[in-house]
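Enquirer: Attaching a single structure in structure tokens format; questions to follow.
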Amino acid sequence: MSAIDLIGVRKDYGSQTAIHGIDLALPEGAFIVILGPSGCGKSTLLRMVAGLETITAGELRIGGHRMNEREPKDRGCAMVFQNYALYPHMTVAENIGYPLKVAGMRRAERQARVAEVAASLELGALLGRRPGELSGGQRQRVAMGRAMVRQPRVFLYDEPLSNLDARLRVQMRLELRRLHEKLGATSVLVTHDQQEGMTLADHLVVMKDGRVEQAGTPREVYSRPASLFVAGFLGSPSMNLLPAEVLEGGDTLRLAGGHLVRLAEPLAERGRVTLGIRPEHVTTGGLPARVEMVEDLGASVLVHAQLEGGAAIAFHSPAEAAPARGEELGLGLPPARLHLFDPTTGRRLAAVARAESAHRGLDFPVA
Amino acid sequence: MERRATFRAPLLPWLLVLPQLLIVFVFFYWPSGEAFRWAFTLEQPWGGGREWVGWQNFLEIFVSTHYWASVRVSMIYAFGTSALAIVIALLLALFIDREVRGSRGWRVALIWPYAVAAPAIGMIFRFVFDARAGVFSLLNAVSPGFWDPSMNGTHAMVMLIFAGSWQLIAYNFVFFLAGLQSIPRPLTEAAAMDGAGPLRRMRDIQVPLLAPTFFFLVVINLTDSFTNSFGLVDIMTGGGPARATDIMVYKIYSDGFKGLDYSGAAAQSVILMLLVVALTFIQFRFVERKMRYR
Ligand SMILES: Nc1ncnc2c1ncn2[C@@H]1O[C@H](COP(=O)(O)OP(=O)(O)O)[C@@H](O)[C@H]1O
Ligand SMILES: [Mg+2]
């Protein structure tokens, strides 16, 4: 069953459309990440779920019930804001207890509940402090506490980690995930950080310009990107994209330099396509390339090279076997690892990644 | 880059600020100095001779029942005007904040009443509250004596407070609205998610966060009511009826220029000046320093 259903949901700001009719079913109890570049409408979507923005058209259902006209407080959602939005004039205890106070819970009961939540977030010692006296990570946890205290069915997070420094971000990421497992509610997190999306999500939704590009498990989305945009957005360093031409027969591509690449399965299309391959999937083989730059990533090196014909390609190589700048080498593009896209629409062309074809491996007839 | 002019000739900067210094000196320091001198001397009404009398002028003031009555009505006027102006401006700002976001045109339009000269406001409100015209004449016809600020001291004071606060509301409104708009939007949204309705959000989030603005305006409004109310009183009530609106600034004027008691008036103006200095001190010392959240 799905926790949240969006049916043709649209949002207009005046004459501008921020969200173009989105259909989504977000699974119950899952950690859902909505991923997309800045300005693509992620926050708008989340805020419509929360009830902070009106819905121009379409229907929003939470737990199967229509929510369009409900007040934020009646939707069973709690939200953690990007800047935490803690009440600066209240102590940590008052901040966490505020939803209960508004709900009219008696003082003693409220304090017990606040203490319980604070203990689970290791905030017990900070209950008397004001938000201004806390560090970024502590504020983040107070915001979490305020969201948890009412035991909502759905947690909404709008870029909750973007204000933390890199190390704390990784730590809080784990903490969010652990909390999600413990609470058993549905979590929806919005981020522009593809790594955050990949690591946190059970269910990943990639957005662009107010539309859903692709939704699925992070593994599905990563290994079978539905469009050029998703292919380029997910993964760091991002996927290599090379212009190519489909030859007669449909199972061979010609690259810009004239070299041929065998496909695992024939394509229906003819003419120009975009060939994609992730840097970690490039192997050695018969495709001549020249090393332009070598980036040391610590565990491995990232080699930037130029193929014959001018296209740039990047790939990983073990640090011990790193090639030198200017070195000529031969690269392999395993057919099972290739992604093909229509260069004008950006859509994925055909299913080429099939496990049984992986062994066919490395043959690159040079023209 | 530092934007700072440097002058070769050391005299030039002084020459440039001289007109301003002269104005401040001629219209503030000199009269204030004179007031202090007069407060401790006795001036003959028809000129000639001035006698040092020490604290005598002050002692005479402090034993005068008229003076204490004047202090009392000044306090009623100042606190009444400030309270009314602050409460109404706060309500207006709270409700308009929900609709208007950062509209500068509104602010300019709404600050105009503050720029209207007090005597002009006084004239308008005198007509509005006239017992023999408009709505009040009708009410008086129905129930005689219902409203007459020219005979009833309480009515006169109420009328003055309305007129005085009308002017201050505009000023306060602009500050409250600016204060409300500087409260980060996510704070009120978070409160909405936490279950608080609009009125509850005002009470729990917006009003407490306006505390610095609130205290600033209390001090400014009180100071303004103590000192800038002369024009209103002069036009609307002339301090009457029966001294019911004889507030401190007006008494200084009438004692000095009508009663020709320059020394007594000077002593009173020194006391009023000290009161304003004290309020300003409180403003700087406590309000500006303490009332800050992060
Ligand atoms: N209140 C608003 N008024 C007008 N346009 C808005 C408003 N809020 C957001 N937008 C527009 O909607 C689009 C999506 O914004 P947003 O949801 O904040 O993007 P994201 O969170 O993905 O960065 C942007 O083009 C933005 O300019
Ligand atoms: Mg956003």
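Enquirer: Could you grab me the full set of residues in segment A:240-263 that are open to solvent by 10 Å² or more (accessible area, probe 1.4 Å) and in a loop (DSSP other than H, G, I, E, B)?
Expert: A:LEU247, A:GLU248, A:GLY249, A:ASP251, A:ALA256, A:GLY257, A:GLY258, A:HIS259
Enquirer: Could you please let me know if A:GLU295 is among the charged types (D, E, K, R), touching a Leu at 6+ places or on another chain (Cβ under 9 Å), part of a strand (DSSP E or B) and assigned by TED's automatic domain parsing to the domain that holds A:LEU349?
Expert: Here the answer is yes, as A:GLU295 does meet what is asked.
Enquirer: Here is a follow-up. Inside segment B:124-211, counting only helices (runs of 4 or more DSSP H) that do not spill past its ends, which hold 1 or more residues that are at negative phi and within 14 Å of chain A (Cβ to nearest Cβ)?
Expert: Ranges flagged: B:153-181, B:185-193, B:198-201.
Enquirer: Next question, about the same structure. Restricting the search to segment A:149-178, which residues are touching a residue at least 40 places away in the same chain (Cβ under 8 Å), farther than 19 Å from A:LEU45 by Cα and β-branched (Val, Ile, Thr)?
Expert: Correct list: A:VAL149 only.
Enquirer: Right, next: Hey, does segment A:143-161 have a residue that's at pLDDT 90 or above, among the charged types (D, E, K, R) and more than 16 Å from ligand 2 (Cβ to nearest atom)?
Expert: Yes: segment A:143-161 contains one or more residues that are at pLDDT 90 or above, among the charged types (D, E, K, R) and more than 16 Å from ligand 2 (Cβ to nearest atom).
Enquirer: For A:ARG219, are the conditions met, namely being open to solvent by 60 Å² or more (accessible area, probe 1.4 Å) and in a helix (DSSP H, G or I)?
Expert: The answer is yes for A:ARG219.
Enquirer: Restricting the search to segment A:1-15, which residues are within 16 Å of ligand 2 (Cβ to nearest atom) and of a type outside the set (D, E, K, R)?
Expert: A:TYR13
Enquirer: Please work out if B:SER82 is buried (at least 17 other Cβ atoms within 10 Å of the Cβ), of a type in the set (Gly, Ala, Ser), within 30 Å of B:MET157 (Cα to Cα) and modelled with pLDDT of 85 or more.
Expert: Here the answer is yes, as B:SER82 does meet what is asked.
Enquirer: I've got another one for you. From the set of residues in segment A:38-64 that are within 13 Å of A:TYR13 (Cβ to Cβ) and more than 16 Å from ligand 2 (Cβ to nearest atom), which is least open to solvent (accessible area, probe 1.4 Å)?
Expert: Restricting to residues being within 13 Å of A:TYR13 (Cβ to Cβ) and more than 16 Å from ligand 2 (Cβ to nearest atom), the top hit is A:ILE55.
Enquirer: In the set A:SER135, A:SER120, which member is more than 14 Å from chain B (Cβ to nearest Cβ) and of a type in the set (S, T, N, Q)?
Expert: Exactly one of A:SER135, A:SER120 is more than 14 Å from chain B (Cβ to nearest Cβ) and of a type in the set (S, T, N, Q), namely A:SER120.
Enquirer: Further, regarding this structure: Pick from A:ILE32, A:ILE96: which is assigned by TED's automatic domain parsing to the domain that holds A:MET148, buried (at least 17 other Cβ atoms within 10 Å of the Cβ), within 16 Å of ligand 1 (Cβ to nearest atom) and not in a loop (DSSP other than H, G, I, E, B)?
Expert: A:ILE32
Enquirer: Condition first: part of a helix (DSSP H, G or I), modelled with pLDDT under 95 and more than 8 Å from chain B (Cβ to nearest Cβ). Can you find one or more residues in segment A:74-84 that meet it?
Expert: yes
Enquirer: Same structure again: Considering only residues that are farther than 21 Å from A:GLU71 by Cα and either at pLDDT 95 or above or more than 7 Å from ligand 1 (Cβ to nearest atom) (or both), which ones fall in segment A:37-52?
Expert: The answer is A:PRO37, and nothing else.
The values are calculated or read from the model by the stated rules, or taken from the named source; none is laboratory data. Just so it is clear, the model here is predicted, and its values are computed rather than measured. Every residue, glycine among them, receives a Cβ derived from its backbone with ideal geometry; neighbour counts consider all protein chains shown. For the accessible areas, the whole protein counts, side chains as well, though only heavy atoms, and no ligand, DNA or RNA atoms are used. Shrake-Rupley method; radii C 1.70, N 1.55, O 1.52, S 1.80 Å.
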